[in-house]
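Participant: Below is a structure I'd like to ask you about.
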Amino acid sequence: MSGVQCHELFSRLRSANPQPTTELSYDTPFQLLIAVILSAQATDKSVNLATRQLFADAPTPQAMLALGESGLLPYIDRIGLYRNKARHVVATCRQLLERHDGEVPRSRAELEALPGVGRKTANVVLNTAFGEATIAVDTHIFRVAKRSGLAAGTTPLAVERELLQAVPEEFRKSAHHWLLLHGRYVCKARQPACPSCLIADLCAWPEKVGGLTEAASQ
C-alpha cells in the first residue's frame, strides 16, 4: 500500500471514530493492566463482567494481593484460563508492590518482566494508559494489516514493526484501536463486511469482491 493510500485509510477511520479507545472498562493504569492480562483468549465483554465487581472490591494492587488466588477465583472463574490468570494477577500485584511502589511501570522492559505480561499486553498499557504510539498486534490487527496490504509480515512482531513504519505519525497513537475495532466489527475472520467497509477500495485483499466463503481460512 502506498503512503498516500495509507494516509487516506487512516483519515477515513479517524473521521468515523475520532477518539477510539479500548472497550475494556478501567479507571486506573493498574486496572487496565489487570483487565488486559485477563483478556487473553477471552472477550472484552466477559472481562468487563468480571472486573466490574472485582475492581469495586479490590481496586488496588494491595487489595487484590490480599484476596490471594483463592479469593480472586470467584470473580474470574467464567473467563478462559482463569486459574493461570489468577496466579499471574496475584504475582503481578506482589511484584508491583515490591519493585514499583504499587505503581504500573512505564517502561516496556519493566512491564514485560511482570508475570503474565508479554509484548502485546505491554503495548496496550503503554498506548492506552500512557499515550505512547505503540501498536499491540492481536489477531484482529494481524488480520486487517495482512488483508489490507498495510503489512506483509508473518509474525505479530514483524507486523508491528511494519505498521510503525507505514502508519503516518499523526495517526500512530490511535492506529491500534482503529485497526482492532475494524477487525472486530467489520473485517471479521469468517464473515467480513466488505460491502459496507469504508476502506474497501483501498484494501488489497483479493477475496473482498468475491469468494468470501474462503475468508474463514484467513
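The values are calculated or read from the model by the stated rules, or taken from the named source; none is laboratory data. Computed from a prediction, not measured in an experiment: that's the story for all the values here. Glycine gets a Cβ as well: all are built from the backbone with ideal geometry, and neighbour counts include every protein chain shown. Note: areas computed on protein heavy atoms with side chains; ligands, DNA, RNA excluded. Shrake-Rupley method; radii C 1.70, N 1.55, O 1.52, S 1.80 Å.
Participant: Of the listed pairs LYS120/LYS208; LYS120/LYS173; LYS85/LYS120; LYS45/LYS208; LYS173/LYS208, which have alpha-carbon separations greater than 25 Å here? Provide the component values of the computation, followed by the final result.
Facilitator: On the way: LYS120/LYS208 28 Å; LYS120/LYS173 15 Å; LYS85/LYS120 16 Å; LYS45/LYS208 29 Å; LYS173/LYS208 28 Å.
The answer is LYS120/LYS208; LYS45/LYS208; LYS173/LYS208.
Participant: With a 1.4 Å probe and all protein chains in place, put GLU103, GLU207, GLU8 in order of accessible area, largest first.
Facilitator: On the way: GLU103 120, GLU207 40, GLU8 75 Å².
The most accessible residue leads, giving GLU103, GLU8, GLU207.
Participant: Moving on. In the chain, with Lys and Arg counted as +1 and Asp and Glu as -1 at Cβ, which of these residues, TRP178, ALA145, CYS93, has the Cα nearest the positive end of the dipole, that is, farthest along it?
Facilitator: Farthest towards the positive end: ALA145.
Participant: With a 1.4 Å probe and all protein chains in place, put LEU49, LEU38 in order of accessible area, largest first.
Facilitator: Values: LEU49 105, LEU38 0 Å².
Listed by decreasing accessible area, they come as LEU49, LEU38.
Participant: Shifting gears a bit: Pairing the Cα long axis of helix 29-38 with the longest principal axis of the chain, what angle in degrees results, from 0 to 90 and rounded to the nearest 10?
Facilitator: Taking Cα atoms only, the helix is inclined about 70 degrees.
Participant: Moving on to the next point. Helix 156-166 against the longest principal axis of the chain: what's the angle in degrees, Cα atoms only, rounded to the nearest 10?
Facilitator: 60
Participant: Apply the Kirkwood formula to the chain: the hydrodynamic radius equals the inverse of the mean of 1/r over all pairs of different alpha-carbon atoms; give it in Å with one decimal. It would help to have the intermediate numbers written out before the result.
Facilitator: Details: mean 1/r = 0.0547 Å⁻¹.
Taking the inverse mean of 1/r over all distinct Cα pairs, the chain comes out at 18.3 Å.
Participant: To continue, here is another question. For a test of the definition: using alpha carbon positions, the gyration tensor, and the 1.5 limit on a/c, classify region 79-148 as rounded, prolate or oblate.
Facilitator: Values: a/c = 3.20, a/b = 1.47, b/c = 2.17.
It comes out oblate by the Cα gyration axes.
Participant: Using a probe of 1.4 angstrom, how much of the accessible area of the chain is carbon and sulfur, in percent?
Facilitator: Details: 5450 of 10850 Å².
Of the solvent-accessible surface of the chain, carbon and sulfur hold 50 percent.
Participant: To the nearest 10 degrees, how steeply does helix 82-100 sit against the main Cα axis of the chain, on a 0 to 90 scale?
Facilitator: Roughly 70 degrees, rounded to the nearest 10.
Participant: Another question, then. What is the calculated FRET efficiency for ALA152 to GLN62, with r their C-beta to C-beta distance and R₀ = 30 Å, to the nearest 0.05? Walk me through the numbers on the way to the answer.
Facilitator: Values: r = 46 Å, r/R0 = 1.53.
After rounding to 0.05, the efficiency reads 0.05.
Participant: Kindly list the residues of region 26-41 that lie in the label zone of ASN84, defined by a backbone N under 20 Å from the point 7 Å along the Cα-to-C-beta vector.
Facilitator: Of the residues in region 26-41, 33-41 have backbone N under 20 Å from the label point off ASN84.
Participant: Same structure again: With charges set only on the Cβ (+1 for Lys and Arg, -1 for Asp and Glu), what does the dipole of the chain come to about its Cα centre, in debye to the nearest 20? If you can, show how the numbers build up before the last one.
Facilitator: Values: 24 positive and 21 negative charges, 93 e Å.
For the chain, the charge dipole is close to 440 debye.
Participant: Rank LEU163, GLY3, PRO192 by how far each Cα sits towards the positive end of the charge dipole of the chain (+1 on Lys, Arg Cβ; -1 on Asp, Glu Cβ) and give me just the farthest.
Facilitator: Highest projection toward the positive end goes to PRO192.
Participant: Using Cα centres only, tell me the gap between region 169-208 and region 1-72 in whole Å.
Facilitator: Result: 20 Å between the Cα centres.
Participant: What whole-number value in Å² describes the accessible area per residue of the chain for a 1.4 Å probe? Numbers along the way, then the final one.
Facilitator: On the way: 10850 Å² over 218 residues.
Computed with neighbouring chains in place, this is 50 Å² per residue.
Participant: For THR28 and ASP77, compute 0.36 nm times the residue count separating them, minus their Cα-Cα distance, and round to one decimal in nm. Before the final figure, lay out the partial values.
Facilitator: On the way: separation 49, 0.36 × 49 = 17.64 nm, distance 2.29 nm.
So the chain would gain 15.4 nm between THR28 and ASP77.
Participant: Right, here's the next one. With every protein chain present, what accessible area does TYR185 have (1.4 Å probe, heavy atoms only), rounded to the nearest 10 Å²?
Facilitator: Counting only protein heavy atoms, TYR185 exposes about 120 Å² to solvent.
Participant: Now for a separate question. Over the chain, what is the relative contact order in whole percent, taking alpha-carbon pairs under 8 Å and six or more residues apart?
Facilitator: Details: 273 pairs, mean separation 42.7, N = 218.
For the chain, the relative contact order is 20 percent.
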